[in-house]
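The values are calculated or read from the model by the stated rules, or taken from the named source; none is laboratory data. No experiment lies behind these values; they were computed from the predicted model shown. Positions of Cβ are generated from backbone atoms using ideal geometry, with glycine treated the same way; all protein chains shown enter the neighbour counts. To get the accessible areas, we keep the full protein, side chains included, count just its heavy atoms, and leave off ligands, DNA and RNA. Shrake-Rupley method; radii C 1.70, N 1.55, O 1.52, S 1.80 Å.
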Amino acid sequence: MQMKFAPLPHNPQVHPAIKAFMCGSLSGTCSTLLFQPLDLVKTRLQTLQTGVQVGMVSVLLSVVRTERLLGLWKGVSPSFVRTIPGVGIYFSTYYSLKQHFLQDRCPGAAEAVLLGGGARTVAGVVMLPVTVVKTRFECGRYSYGSVIGALRSVCQTEGPAALFSGLMATLLRDVPFSGIYVMFYSQTKASLPKGNTSPAAPVANFSCGVLAGVLASLITQPADVVKTHVQVNPQLKTAEAIRYIYMEYGLQGFFRGAVPRSLRRTMMAAMAWTVYEQMMAHIGLKS
């Protein structure tokens with residue numbers, strides 16, 4: 001699998017962090033479009049009523065049956081609004097932190113955790129309002145017409161603070177995920193034979209990303225379930241959501257939607273990092 005990109009115009013006046021932002025945004029666009037159905041199925045599974053026991057395939061077929069095939073991409077607009085700038089912010093922050101603190105050397109395990117967690121904190125806080133709207137689009141309980149309309153509706157009916165519902169749960173999910181992911185990804189890559197410019201480099205990068213994504217997804221799955229409940233039911237606080245999930249579903253409730261989420265997060269992250277690193281190499285920057 002060899003990725004080829006059209007030559008980019010060389011402009012030395014463009015800051016490297018801006019170039020990292022553009023590479024990250026493109027990688028986020030590709031991965032979001034491909035894997036949005038998995039995110040929708042994950043959200044539906046996590047917000048099922050008590051006592052309803054269905055699997056991922058059943059939910060997927062139900063959506064296709066009642067909302068047609070394009071229903072699987074419900075919420076893709078807020079996903080794009082969130083992911084395109086969000087992944088760009090993540091990678092530009094990651095690049096800037098890495099250049100500032102490490103000056104191009106490979107991060108150690110602890111440094112990788114801090115780099116990934118720091119970059120995700122910045123991107124997560126900035127993009128949280130769109131994340132809230134995206135979750136509500138996907139759950140099927142709200143009938144918003146557009147992303148802007150949804151943001152306006154939430155502000156008018158629930159107040160601006162509702163756009164930051166689930167902030168703690170989101171950070172508890174995303175910061176560890178990113179830190180763990182970058183740690184596993186960078187350490188696995190470092191163990192591979194040198195020669196990142198070979199045609200097999202994208203395959204190696206993608207494989208490292210898949211391994212890192214599976215481990216990070218499973219570790220942070222409970223926080224994702226809590227985040228979903230808080231954003232769909234804004235009257236719930238994080239501690240209340242944890243108590244509610246445990247009382248209603250038991251411990252297994254914290255792993256609802258684990259399969260589609262692990263598939264989506266793993267494949268999205270692996271693809272995003274692979275495209276990002278290939279594009280950064282193409283424009284002559286060390287990722």
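Odds and ends about this structure:
- Residue pairs whose Cβ atoms lie under 6 Å apart, separated by 6 or more positions or on different chains, with the first residue in the stretch 91-118 and closer than 16 Å to GLY24 by Cα and free of Cβ contacts under 8 Å to residues at least 24 places away in the same chain and the second surrounded by 14 or more Cβ atoms within 10 Å (Cβ to Cβ) and small (Gly, Ala, Ser), are LEU97/GLY118.
- Residues satisfying the stated conditions in the stretch 28-55, i.e. open to solvent by 10 Å² or more (accessible area, probe 1.4 Å) and among the polar types (S, T, N, Q): THR29, THR47, GLN49, THR50, GLN53
- Any hit, the stretch 90-105, residues being in a helix (DSSP H, G or I) and closer than 26 Å to HIS229 by Cβ: yes
- When each of ILE18, ILE84 is tested for being in a helix (DSSP H, G or I), surrounded by fewer than 21 Cβ atoms within 10 Å (Cβ to Cβ) and in contact (Cβ under 8 Å) with a residue 60 or more places away in the chain, the lone residue that passes is ILE18.
- Any hit, the stretch 167-179, residues being closer than 26 Å to ILE283 by Cα, free of Cβ contacts under 8 Å to residues at least 40 places away in the same chain and either open to solvent by 40 Å² or more (accessible area, probe 1.4 Å) or not β-branched (Val, Ile, Thr) (or both): no
- Helices (runs of 4 or more DSSP H) fully within the stretch 171-287 counting 1 or more residues that are modelled with pLDDT under 90 and under 19 Å from ASP39 (Cα atoms): 201-232, 258-282
- Being of a type in the set (Ser, Thr, Tyr) and either crowded, with 17+ Cβ neighbours inside 10 Å or closer than 19 Å to VAL147 by Cα (or both) holds for only one residue in SER58, SER25, and it is SER25.
- Which listed residue is in a helix (DSSP H, G or I), touching a residue at least 60 places away in the same chain (Cβ under 8 Å), hydroxyl-bearing (Ser, Thr, Tyr) and at negative phi, from THR157, THR135: THR135
- Which listed residue, of PRO107, PRO78, is open to solvent by less than 40 Å² (accessible area, probe 1.4 Å) and more than 22 Å from LEU285 (Cα to Cα): PRO78
- Near pairs, Cβ below 9 angstrom, 6+ apart or cross-chain, from the stretch 210-232 (polar (S, T, N, Q)) to any residue that is not in a helix (DSSP H, G or I): GLN221/ARG256; GLN221/GLY257; THR228/THR47; THR228/GLY166; THR228/ARG256; THR228/GLY257; GLN231/SER165; GLN231/GLY166
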